[in-house]
Amino acid sequence: MHRRITGKLVIATHNPGKLVEMRELLAPYGIEAVSAGELGLTEPDETGDSFLANARLKAVAAANGSELPAFADDSGLVVDALDGAPGIYSARWAGPSKDFTAAMTQIERLLQERGATTPDKRTAHFVSALCVAWPDGHIEDVEARIEGTLVWPPRGNAGFGYDPAFLPDGHHRTFGEMTSIEKHGLPPLGLGLSHRARAFVKLAEICLEPR
Ligand code: IMP
């Protein structure tokens with residue numbers, strides 16, 4: 001049996017870019033969201049071997065630490081020509097200074113080394129795994145992706161992380177050139193464009209009620 005989210009929810013992320021997006025996604029449902037950072041919760045090590053395993057680990061740690069239902073995501077960029085890298089290590093490729101220009105440059109260097117110069121060889125997708133964990137151990141989770149290609153040089157200053165290098169299929173602007181409303185592409189404007197919005201639509205179906 002699926003469980004609905006009611007009342008207060010902890011957002012288990014210390015990433016400001018994701019926090020903004022998650023608050024935007026939750027706003028239409030009237031959920032009061034506090035961040036793990038605001039509650040002084042520490043972030044667990046992401047030791048899982050998949051996006052879903054890491055999302056569960058973060059949500060469970062925050063639910064146990066706060067005694068509130070907790071919402072976590074794990075996400076990343078999967079590049080086909082790089083055998084799925086950076087994948088679950090997408091944040092780590094930017095290093096401690098969170099330098100995503102350096103991470104995108106590194107990906108580009110590896111793509112060039114492999115001769116991946118045409119769009120068909122530069123396919124990639126973003127994945128978002130979302131998990132809600134309750135203090136009594138109940139868990140709901142979902143996963144979604146958005147397919148696209150990597151462009152070089154990166155384009156646009158919007159969004160965060162690898163957004164400027166990612167051109168979603170069927171679009172002519174990168175995520176870095178889209179407003180967050182366009183990037184989410186949520187109803188009533190669309191059925192979900194970004195990996196996070198698509199996963200969120202799935203989660204909303206099972207756990208949320210519009211106001
Ligand atoms: P984690 O989910 O906290 O492990 O971090 C995943 C990393 O993947 C982020 O720090 C970003 O670098 C990248 N990433 C995930 N989602 C997005 C997105 O929507 N746009 C750009 N980069 C993303």
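Please verify whether Gly84 is assigned to a loop (DSSP other than H, G, I, E, B), under 19 Å from Gly148 (Cα atoms) and of a type outside the set (Lys, Arg), treating the condition exactly as stated. When the stated conditions are applied, Gly84 passes them.
Yes/no matrix, rows are residues, columns are (1) of a type in the set (D, E, K, R); (2) closer than 30 Å to Thr118 by Cα:
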| site | (1), (2) |
| --- | --- |
| Ala36 | no, no |
| Gly40 | no, no |
| Asp45 | yes, no |
| Asp49 | yes, no |
| Ala55 | no, no |
| Gly65 | no, no |
| Asp80 | yes, yes |
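Tell me yes or no: at least one residue of region 102-124 is part of a strand (DSSP E or B) and either of a type in the set (Val, Ile, Thr) or farther than 28 Å from Lys202 by Cβ (or both). The answer is yes, given that some residue of region 102-124 is part of a strand (DSSP E or B) and either of a type in the set (Val, Ile, Thr) or farther than 28 Å from Lys202 by Cβ (or both).
Conditions (1) farther than 22 Å from Asn15 by Cα; (2) not hydroxyl-bearing (Ser, Thr, Tyr), marked per residue:
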| position | (1), (2) |
| --- | --- |
| Ala81 | yes, yes |
| Ala85 | no, yes |
| Ser90 | no, no |
| Lys98 | no, yes |
| Glu108 | yes, yes |
| Leu111 | yes, yes |
| Gly115 | yes, yes |
| Thr118 | yes, no |
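Residues in region 135-165 that are surrounded by 19 or more Cβ atoms within 10 Å (Cβ to Cβ) and of a type in the set (Phe, Trp, Tyr): Tyr162 only. Among the residues of region 77-91, those that are on the phi < 0 side of the Ramachandran plot and modelled with pLDDT of 95 or more comprise Leu77, Val78, Val79, Asp80, Ala81, Leu82, Ala85, Pro86, Ile88, Tyr89, Ser90. Look at region 38-49: where a residue is closer than 13 Å to Thr13 by Cβ and charged (D, E, K, R) and a partner is at pLDDT below 90 and assigned to a loop (DSSP other than H, G, I, E, B), sitting 6+ places away or on another chain with Cβ atoms under 6 Å, you get Glu43/His14.
If you take the residues of region 2-37 that are acidic (Asp, Glu) and within 27 Å of Asn157 (Cα to Cα), which of them is modelled with the highest pLDDT? Before you say what the answer is, go through the steps one by one.
From region 2-37, those acidic (Asp, Glu) are 21, 24, 32; that's our starting set.
Pick out the ones that are also within 27 Å of Asn157 (Cα to Cα) and you get 21, 24.
Values: Glu21: 77, Glu24: 80.
Here the residue is Glu24.
Return yes or no: is Arg92 near the ligand (Cβ under 10 Å from one of its atoms) and surrounded by fewer than 16 Cβ atoms within 10 Å (Cβ to Cβ)?
Details: near the ligand (Cβ under 10 Å from one of its atoms): yes; surrounded by fewer than 16 Cβ atoms within 10 Å (Cβ to Cβ): yes.
For Arg92, the condition - near the ligand (Cβ under 10 Å from one of its atoms) and surrounded by fewer than 16 Cβ atoms within 10 Å (Cβ to Cβ) - is met.
Apart from one condition, Lys202 fits all of (1) charged (D, E, K, R); (2) closer than 28 Å to Lys8 by Cα; (3) within 14 Å of the ligand (Cβ to nearest atom); (4) in contact with a strand residue (DSSP E or B) (Cβ under 8 Å, 6 or more places away or on another chain); the exception is (3).
Of all residues in region 13-36, those being of a type in the set (Ser, Thr, Tyr) and away from the ligand (no atom under 15 Å from the Cβ) number 1. Select from region 37-57 the residues that are in contact with a strand residue (DSSP E or B) (Cβ under 6 Å, 6 or more places away or on another chain) and away from the ligand (no atom under 11 Å from the Cβ) and write down the one among them that is farthest from Asp74 (Cα to Cα). For region 37-57, the residue satisfying everything is Arg56.
The values are calculated or read from the model by the stated rules, or taken from the named source; none is laboratory data. In this text, all values refer to a predicted model and were calculated from it rather than measured experimentally. So basically every Cβ, Gly included, is an ideal-geometry build from the backbone, and we count neighbours across all protein chains shown.
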